[in-house]
Amino acid sequence: MTEHILSWVLFTPVIGMLLLLLIPSEKKNLIRWWANIVGVVGFLISIPLVTNFDKNAASFQYVEKFDWIPSIGATYSIGIDGISLLLIMLTTMMTSISILCSWSSIQDRLKEYYAMFLLLGTAMLGVFMSLDFFLFYVFWELVLIPMYFIIGIWGGERKLYAAIKFFLYTALASVLMLLGILVLYFQYHQQYGVYTFEFSKLMSLNMALDMQRWVFWSLFLGFAVKVPMFPFHTWLPDAHTEAPTAGSVILAGVLLKMGTYGFIRFSLPLLPKASIDPTIVRVLAVLSIIGIIYGALVSLMQKDWKKLVAYSSVSHLGFCTLGIFALNPNGLTGSVIQQINHGISTGMLFLIVGVVYERRHTRLISEYGGLAHVMPKFATVFAIAMLSSAGLPMLNGFIGEFTIVAGAFEANRAWAGFAVTGIVLGAAYLLWLFQRTMLGKITNEKNANLPDLNWREWAYFTPLIVLAFWIGLYPKPLFEILEKPVANIVMRVRPDYYQNQNRIREAAAPAVPAPVAVIPVPASH
Amino acid sequence: MSEYYTSADHFVLLPAIMLALFGCAILLFEFLIGAGAKQRRWLVVLGLAGLAFTGRALWMQQAALNAGAQLSAFKGALLVDGFSLLFNWIFLFTSAIVLLISYKYLEIENENHGEYYGLVLLAQCGMFFLACGNDLVTIFIGLELMALGFYIMVGFLRNERRSNEAAMKYLLLGAFSSGFLAFGFSLLYGLSGSTNLRDIAVAISQRGAGDPLTFLALATTSVGLFFKISAAPFHMWAPDAYEGAPTTVTAYLSVGSKAASFALLLRVFLGPFGDLRAMWQPLLIAVALLSLLVGNLAAISQTNVKRLLAYSGVSHAGYMMLGLVAGNQTGLQGVAVYILVYTFMNLGALLVIVAMRRENILGEDIDDLAGLMHHHPVYAIFMLVFLLSLAGIPPTAGFLGKYYIFLALIETGHYILAVVAALYVAVAVYYYFRIVRSMFSREEAPAGVGIPLAGSLGVRVALAVTGALTLIIGIYPEPFLRFAGESLMK
């Protein structure tokens, strides 16, 4: 068990799914209980990953490797570092939360619904664990299938349109990404005479800048659509809005991070020359900034509560990509932390929309107003979620945004300026949303007798609120976990970065010893 | 045995002998035993027995080949190598599935006659010669034997206008294309003075590049072959023939006939025309791109699943040709893998349509599949697997085929072709998902929802086998890749 703990974490949801299929469809409560148990167990068995994690190790941990398709050199090779650890914990937690929040909102075709969620759980975990590009791609595509059905069957009015749009966009981008992967694979064969998809081996590839650029753009397409970066974001508002609550939660909470994770895990280390290419960095930064500002402005204009939250994701994910392409430790660390934060805050915001939608079956902001009078507990939770998303100090969002802005400032002051504008706009649309829905008098009598949060809703809000405060007040563990992997990536992309930093620091204050003098080179297996 | 028929010849010919023997036995069966419903059941058994004997003969050939034997017969007119065996296994599998699914379907159509089963075996006999033939005459006779079987089978629903029309179209266009092929063959014979492919290859290589006569031979032969594999712009017969034919025959035609024609195409292009790569590569690229374009775009607007699969089959032919365009080891392996997985997924998809035919429901329209997930979830899930595979989404078998083709194109520097081929995947996803959408929607309920599907034991077995293979190859492809790879190496 301990040897294969990562495989256990990976396959628990799918094993649970197979057992779920044996339960007769009439036993609705049994199905619900079983799915929830599998979700919680999936989370619980991922906890040892944290407790046994060695944050000082420079290489991947819990590594497992077996031959899978020797003829083409694909292996079943999984392992995690600090970055994937955080995303995996987020995934197992959000999976169980989204299963729990579906208890009463999904009444139809339960068995298929929960089966899809559990399959999705395994697919997402696989994406964050794979150390083999082929395996990664299989999981990456596997995510699409359950998500298509979750949107397409249990979604809102325009669900079919949204589902196929989501599928087409991502499938198209992924195939083009596949071509990039195949170029890497072929180049490695050219240079070393061996076919392999293994990440650690592909790191030793030596490619000309021109080739790297092409591969970079191909991978970029795959990842940017998933993030989604402007201008590839158009699938997102539809998918988020039409998906059932739990679908939106998982989509915003976890799925979007697959794209940013792809940039951090694959684009930067495998294509270091292209990643610091000034044109590429500029394009990516500009797209991120457009995403931040545009997402926020569009959010301001929304009449639909859920769509507002959906567009806010475009804005927030813009911060994450901006942090990545600041290409310094602060930017990258902030980006990963912000990804976790976005999962927590936006997850909460979607859950909040879900709570009122389940009671009123409308998402129009104008239908609400003064809810704080009838649902005070709900309003409090919403306030916390809203402030955490807006980046209020003491809550999680602040830590991520602050670190990203620090990183952006180091890279280019103008970027930081735009990012701060984005934060201000973010506060504007969130506060305004809160004001319109929660404060003032009750304008619509249908809202006069809405019940406040029940115990089940508390059950899924509580852990998120606790996390939001914890990260806001004591983020040190996150920074520690991320230090080594981020340093690895920065060393890989900008080998002289730390030396230059030391030189600058020494010039400023020669007496202070350099804190990060020895950074181990990424271990190659 | 005589000098004209040695034991080595017999060994090579044995599968064809078995097929012909059992094919004829089935034709005689109704005369000798009777044509009652009770006796008819034995037709399937007899057919499967024939396939079992054929399989045994193929198995022995495979064993001899693995032991390193050189298998050729009739002074090099027939050649058994890994390549031809791979195709023969595909034909055997296809016929077995077709036999399994036909009985109930033909009962429903009220056209269950013995000759159908005989024709299935005889057509397979033709395919055998296409895969093994190394001589123009042998190949042409094999091709006509196969085609004649199909002309009759496509029109097997003799009381249905649609089926008759399809058969007539297929016959006319098929004869036309055979004419082209025969013309090309005659030129090849004129160029070399021999019908043996190897001699022709030698003669062509001596004529040098840019020879107009060689080009004419190449062009006419190619046109004939493109007709047979239903590549655009020679695909016009396919949608009509696929739609009008009994669905079981559509399955046989779309897989068996296509695979056999591809075997011939590979043999001819890599054999006699092997040195003319510079001449045929642009031609093949043009046809492949056109097939992708026409196949994918025409499939979007189809409402009939059989027509849709016909057009998507055109695009699949385009992908396979791209493997040949790349022409390296990976590319050829890719073609083999692609044909192998195409066999499983396309048969699977069509046999779900076979099961949809019940009482007075045709079950061929996309709308007829509406709500399938509710009343027959197992069929719907199998269909989903087949469609995902046809679209090339991992972890299904179809992804492997596309993977090899893309890789081969990248290895040979055809980046633009690779990108174009990849872009069409999105189009394919769109039209395949129209079927998925219909199956999983519950809003519109078509007529006849309450009528159970025509899932006979044969259909269920066939469904399980094709579905399992499509998934297993997707998840653990190693044995199949090795099999396909080794077949080509020998």
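Computed quantities for the displayed model
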| item | result |
| --- | --- |
| Packing rank of B:184-196, A:291-303, B:56-68, where each peptide gets the mean count of other beta carbons within 10 Å, highest leading | A:291-303, B:184-196, B:56-68 |
| Cα-based convex hull volume of the range B:1-109 per residue, rounded to whole Å³ | 115 |
| Neighbouring partner chain Cβ atoms per residue of A:62-73, average, 10 Å criterion | 3 |
| Loop-located trypsin sites (Lys or Arg not before Pro) in the range A:97-159 whose Cβ has at most 14 other Cβ within 10 Å (DSSP) | A:Arg158 |
| Peptide-level mean, for B:431-440, of C-beta atoms on other protein chains within 10 Å | 3 |
| Spread of Cα-to-Cα distances over 10 Å intervals beginning at zero, given as percent, for chain B | 4, 21, 32, 27, 12, 3, 0, 0 |
| Net charge contributed by nearby residues that have their C-beta within less than 11 Å of A:Lys111 (K/R +1, D/E -1) | +1 |
| DSSP-assigned coil residues among GluC sites (Glu not before Pro) in the range A:1-64, each with at most 11 further Cβ atoms within 10 Å | A:Glu3, A:Glu26 |
| Residues B:Val45, A:Val336 arranged by fewest to most Cβ contacts within 10 Å | B:Val45, A:Val336 |
| Loop-resident sites, the range B:395-484, for trypsin sites (Lys or Arg not before Pro), counting at most 14 other Cβ within 10 Å (DSSP) | B:Arg442 |
| Projected-area mean, the protein assembly as shown, by convex hull of Cα positions, square nanometres | 43.6 |
| Within-15-Å neighbourhood charge of B:Leu347 [Cβ basis; K, R +1; D, E -1] | +3 |
| Sorted by Cβ density within 10 Å, fewest first, the residues A:Met258, B:Met345 | A:Met258, B:Met345 |
| Order by protection proxy (mean Cβ within 10 Å, highest first), peptides B:357-365, A:33-41 | A:33-41, B:357-365 |
| About the Cα centre, charge dipole magnitude for the range B:276-490 (Lys/Arg +1, Asp/Glu -1 at Cβ), debye | 260 |
| Volume of the Cα convex hull of the range A:142-245, divided per residue and given in Å³ | 101 |
| Cα-based Rg of the range B:116-269 normalised by 2.2 N^0.38 Å, two decimals | 1.08 |
| Violating pairs (Cα-Cα greater than 28 angstrom) within the set A:Lys303/A:Lys377; A:Lys306/A:Lys377; A:Lys257/A:Lys303; A:Lys165/B:Lys306; A:Lys27/B:Lys306 | A:Lys27/B:Lys306 |
| Radius of gyration, Dmax [the range B:276-490; alpha carbons; angstrom] | 17.9, 59 |
| Proxy reagent accessibility, fewest Cβ within 10 Å first, across A:Ile442, B:Ile405 | A:Ile442, B:Ile405 |
| Amide H partners (placed H, <5 Å) of B:His235, local residues excluded | none |
| Neighbouring partner chain Cβ atoms per residue of A:288-296, average, 10 Å criterion | 0 |
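A short reminder: the numbers here are calculations on the coordinates, not readings from a lab. What you see is a predicted model; the values in this text were computed from it and never measured. Methodologically, a virtual Cβ is constructed for each residue, glycine included, from the backbone with ideal geometry; neighbour enumeration extends over all protein chains shown.
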